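In what follows, a structure is listed as structure tokens, so that the remarks can point back to it.
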Amino acid sequence: MSQYTQPHQPQQPYVPAQPPGTRPARNGLGISALVLGIIGTVSGLVPLLFWLAGILGLIALILGLAGRGRAKRGEATNKGVTTFGAVLGLVALILSVVGAVLTFKAVDDAVSDFDKALTESSASAKPAADGGGAAGGTEGKDDVLRGGDSAAYDDGLEITVGTPSSYTPGEFAVGHTKGNSAYTVSVVIENKGKEKFDGALVTVDARAGEDGVDAEQIFDDKTGEGFTGTVLPGKKVTATYAFDTPADAKNLTVEVAPGFEWDASQWELKL
């Protein structure tokens, strides 16, 4: 009689039974809070990215607080990571506020400087005390600046151009053409404002005759130095310029530009 042999069954590995109600740890909120908190904090270091830091910081803070709630209930095991993410979210929010303040202040300062530059650049005519220069009559009563009139700027700067005087250039003068006439013009800058004025930035140009040809500036041992240094508040400085004009020229237009922040002013002078 044959004997029946039961086939050998492989043994299964022993797996300990889990207690009832045990679930896998839900650590996603804490990890997300940490990642967003790091990105938000880094963004907060750049003032122009304050908006991004604020958004990411708020989300990181909310996720971090929610993750801490999970950790307290035993649903998550990364309480430290969650807490750190929430802290970084709060830091990102603070940096976003600081960045917003700095950005808006910079924009406001830029707008104020621009408005200030526009305001300071304008000048008003201030006729000479004698009614408008040596020519007299009706000169100085219109908007055209004549010899002896002043251009008064809103910041207290005042520029006065005198009437032309015939001039004989020196033997070694530069800028004078034989057969042309030469005239000198005095330019006075008075600083009635509260800030010192840099005279080195002043430019003085001229045009002569009805055609408005350039009147070349003459340089010799008596003229051509121009303005140098600064003019303190309450002080004035004078410089003499010489210009070469066609012999038949009857008028000279002198243009004085105090600098980049001021509009240039023009004087119509009779020769």
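Among the residues here, residue 221 qualifies as more than 27 Å from residue 158 (Cβ to Cβ) and either assigned to a loop (DSSP other than H, G, I, E, B) or touching a strand residue (DSSP E or B) at 6+ places or on another chain (Cβ under 8 Å) (or both). Listed by first and then second residue, the pairs with beta-carbon distance under 7 Å, at least 6 apart or on different chains, first residue in the stretch 71-98 and touching a residue at least 24 places away in the same chain (Cβ under 8 Å) and aliphatic (A, V, I, L, M), second surrounded by fewer than 22 Cβ atoms within 10 Å (Cβ to Cβ) and part of a helix (DSSP H, G or I), are 71/79; 76/70; 81/31; 86/65; 86/68; 88/38; 93/54; 93/58. Residues in the stretch 170-216 that are in a loop (DSSP other than H, G, I, E, B) and either more than 16 Å from residue 249 (Cβ to Cβ) or of a type in the set (Lys, Arg) (or both): 170, 171, 172, 173, 178, 192, 193, 194, 195, 196, 202. Here residue 242 does not qualify as part of a loop (DSSP other than H, G, I, E, B), in contact with a strand residue (DSSP E or B) (Cβ under 6 Å, 6 or more places away or on another chain) and more than 29 Å from residue 114 (Cβ to Cβ). When residues in the stretch 245-265 are screened for being surrounded by fewer than 18 Cβ atoms within 10 Å (Cβ to Cβ) and either small (Gly, Ala, Ser) or in a strand (DSSP E or B) (or both), 7 of them pass. Determine whether the stretch 251-260 contains at least one residue that is among the acidic types (Asp, Glu), in contact (Cβ under 8 Å) with a residue 40 or more places away in the chain and more than 21 Å from residue 146 (Cα to Cα). No: zero hits. Are any of the residues in the stretch 167-183 in the same structural domain as residue 147 (by TED's automatic domain parsing), among the β-branched types (Val, Ile, Thr) and either at pLDDT 95 or above or over 40 Å from the mean Cα position of the chain (by Cα) (or both)? Yes.
Return yes or no: is residue 259 under 37 Å from the mean Cα position of the chain (by Cα) and in the same structural domain as residue 144 (by TED's automatic domain parsing)? It is true that residue 259 is under 37 Å from the mean Cα position of the chain (by Cα) and in the same structural domain as residue 144 (by TED's automatic domain parsing).
The values are calculated or read from the model by the stated rules, or taken from the named source; none is laboratory data. Just so it is clear, the structure is predicted and the values come from calculations on it, not from any experiment. No Cβ is skipped: glycine too gets one built from the backbone with ideal geometry, and neighbour counts run over all protein chains shown.
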